[in-house]
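One structure is given below, encoded as structure tokens.
Every number in this text was worked out from the coordinates using simple rules, so none of it is lab data. Not measured: the values here are computed from a predicted model. Cβ placement follows ideal geometry from the backbone for every residue including glycine, while neighbour counts extend to all protein chains displayed.
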Amino acid sequence: MSENYSLIIKNGSCYINGKLEKTDVALVNNKIKKIGKIEVNGSKVLDASNKLVLPGIIDTQTHFREPGSTDREDLESGSRAAVLGGVTSVFEMPNTNPPTSNLIEFEKKLNLAKNRMHCNYAFYFGATPENVDQLSKLKGLKGCCGVKLFAGSSTGKLLVDKEADIEKVISQSDRIVSIHSEDEAILNLRKKFIKEGDVHSHPEWRNTECAISSTRRVVKIAERYNKQIHVLHVTTKEEVDFLAMHKKNVTFEITPQHLTLYAPDCYDKLGTFVQMNPPIRTKEHYDRLWVAVKNSIVDVLGSDHAPHSKEDKNKKYPASPSGMPGVQTILPIMLNHINNEKLSLEQLIKLMCENPCKIFGIQNKGYIKEGFDADLTIIDMNKEQTINNKMMASKCGWTPFNNMVVKGFPVAAIINGKIVMSNGKVVTEGFGQPLEF
């Protein structure tokens, strides 16, 4: 007896069990029902001929600025940018105004997301020196991906910089703690290196010692209490070498910005528009980050999508804010790197599908398997596209990769069993759901 499928993806090369397999995938509502040769009897058929069908891409670091700075971004516009870039789920950060650092604000953010976000989502709970008692009560909180700790100051007011407070957060949290790892004391001492009007001084101020000092400290604490931590946007060769030897309690992330841009060239060309924390560094660091990718030392790729208006970015350094958009470009940039043989498709799937699910405990995603959630990203590895500012759905309206030609591009995103993005257009309005852990 034939089944009535809600969507059938035909003729694609599907990434299953670590390799590409020419097969069909049938969906019933929000689940993958059958993988194999399927007769066309569903209400919808999507022809994926000459395309790759991947598990839904997950971006585990985004800043969508709501509540507080919705002139720069909000949950709707940020998630629209995500799905246009082939991203089906995002983790969103708590350094908003007010910050997402108590259960009331967390619930408010879930309500803000409901029926507005185009992709699936989870939110970080922001750590403060005062809310440590709440961090042991987050287990099972729907839509909560973990705890975010700012060991060094960046955008927003969240900061836990004293070692005793950092120790309390890591030791008492019952969820994985993801860390912006810069040493606040060193940041304050090195402010004398800031040269007004010269963004080239940004990596001099926030130097490699600032990063590795903090990373050594948080790893030492995690190992002492046998807790899992996740170090965000690692930028230095020193951290890569150190973290490679301390994998038991630690996973870490690299961004596509740090794998695509390097100093001083990027500052010469783009100025404050490539200013971010931690900074884009010199080519020796860029090269070592790629070693971490090629040798599968790094665990996750995240965009650190952190939009600011052009007006703000054009301010004289250091009045210019740190951060750049990236959720819409992370997949195209990395597919281009695959075509340039900098990494393999298998490595990308681990970094952006499988590992996020393993590390953070996301349920029923990250793989194309019968019974799993029907989140899929369809890509054309031969499609050449010029990335430009006009394409960006983010409210900020710009990208550091403006006018970059890439080969490899997402052509469709299926979320909860429905086609949400097709050929560069959002075709289904916001029905994203909170992720379960």
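Volume of the convex hull of the range 145-221 (Cα atoms only), normalised per residue: 97 Å³. In a DSSP loop and with at most 13 other Cβ atoms within 10 Å, the GluC sites (Glu not before Pro) in the range 363-437 are 370, 429.
Sorted fewest first by neighbouring Cβ atoms within 10 angstrom, 171, 322 come out as 171, 322. Kirkwood radius, the chain, all distinct C-alpha pairs, inverse of mean reciprocal distance: 21.7 Å. Tally Lys/Arg at +1 and Asp/Glu at -1 over every other residue whose Cβ is under 11 Å from the Cβ of residue 73; what's the total? Combined, the nearby Lys, Arg, Asp and Glu give -1.
A Gaussian network model of the chain, with springs between Cα atoms under 10 Å, assigns the largest mean-square fluctuation among 96, 62, 260 to 260.
Where does each of 285, 337 land when they are ranked from fewest to most other beta-carbon atoms within 10 angstrom?
On the way: 285 24, 337 20.
Ranked by crowding around the Cβ, least crowded first: 337, 285.
Normalised by the empirical 2.2 N^0.38 Å for globular proteins, what value does the Cα Rg of the range 1-105 take?
Numbers: Rg = 18.6 Å, N = 105, 2.2 N^0.38 = 12.9 Å.
The value comes to 1.44.
Total lysine pairs in the range 364-437 at Cα distances under 20 Å, for residues eight or more apart or on different chains: 8. Note on 304, 299: ascending count of other Cβ atoms within 10 Å places them as 299, 304, the fewest first. Here the Karplus relation 6.51 cos²θ - 1.76 cosθ + 1.60, evaluated at θ = phi - 60°, turns the backbone of the range 80-93 into coupling constants of 5, 4, 4, 5, 5, x, x, 8, 9, 9, 9, 9, 10, 8 Hz, with x for every Gly and Pro. Multiplying the residue separation of residue 50 and residue 436 by 0.36 nm and removing their Cα-Cα distance gives an extension gain of 135.7 nm. Report the far tail of the P(r) of the range 385-437, meaning the percent of Cα-Cα pairs longer than 15 Å. In whole percent, the share of Cα-Cα pairs in the range 385-437 beyond 15 Å is 61. On a per residue basis, the convex hull of the C-alpha atoms belonging to the range 329-406 measures out at 128 Å³.
What does the charge dipole of the chain about its Cα centre add up to, to the nearest 20 debye, if the Cβ of each Lys and Arg holds +1 and the Cβ of each Asp and Glu holds -1?
Details: 57 positive and 51 negative charges, 83 e Å.
For this selection, approximately 400 debye.
Note on residue 70 and residue 384: their simple-model spin labels are 4.2 nm apart, each label 7 Å out from Cα toward Cβ.
Averaged across orientations, what area in nm² does the convex hull of the alpha carbons in the range 242-301 project? Before the final figure, lay out each step's value.
Working: hull surface 17.0 nm².
Result: 4.2 nm².
Extension gain, residue 4 to residue 242: 0.36 nm times the residue separation minus the Cα-Cα distance gives 80.4 nm. Expressed as a whole percent, the proportion of Cα-Cα pairs in the range 289-437 lying more than 21 Å apart is 53%. Taking the chain as a Gaussian network of alpha-carbon nodes connected by springs under 10 Å, the highest mean-square fluctuation of the residues 404, 392, 93 belongs to 404. Seen from residue 126, the other residues with C-beta closer than 15 Å to its C-beta sum to a net charge of 0, counting Lys and Arg as +1 and Asp and Glu as -1.
Looking at the range 1-100, which chymotrypsin sites (Phe, Trp or Tyr not before Pro) are in a loop (DSSP not H, G, I, E or B) and have at most 12 other Cβ atoms within 10 Å? Counting only loop positions with at most 12 other Cβ atoms within 10 Å, none of the chymotrypsin sites (Phe, Trp or Tyr not before Pro) in the range 1-100 qualifies.
In loop segments of the range 102-204 as defined by DSSP, the GluC sites (Glu not before Pro) with at most 16 further C-beta atoms inside 10 Å of their C-beta are 130, 196.
First select every other residue whose beta carbon is under 12 angstrom from the beta carbon of residue 238; then total the charges, Lys and Arg +1, Asp and Glu -1. Around residue 238, the surrounding residues sum to 0.
Which value, in debye to the nearest 20, gives the size of the charge dipole of the range 135-242 about its Cα centre, when Lys and Arg are +1 and Asp and Glu are -1 at the Cβ?
So the dipole magnitude of the range 135-242 works out to roughly 520 debye.
Springs join every pair of Cα atoms under 10 Å in this Gaussian network model of the chain, and among 76, 223, 66 the largest mean-square fluctuation is at 223. Label positions at residue 157 and residue 265, each projected 7 Å from the Cα along the C-beta direction, are separated by 4.2 nm.
Students often forget the sequence filter, so: which lysines lie under 29 Å Cα-Cα from residue 195 once same-chain residues fewer than 8 apart are removed? Of all the lysines, those that pass the test against residue 195 - Cα under 29 Å, at least 8 places apart if same chain - are 157, 162, 237, 269, 283, 310, 313, 315, 316. Average 1/r across all pairs of distinct alpha carbons in the range 142-292, invert it, and you get the Kirkwood radius: 15.8 Å. To the nearest 0.05, how large is the calculated FRET efficiency for residue 107 and residue 391 if R₀ is 41 Å and r is the Cβ-Cβ distance? It comes to 0.75.
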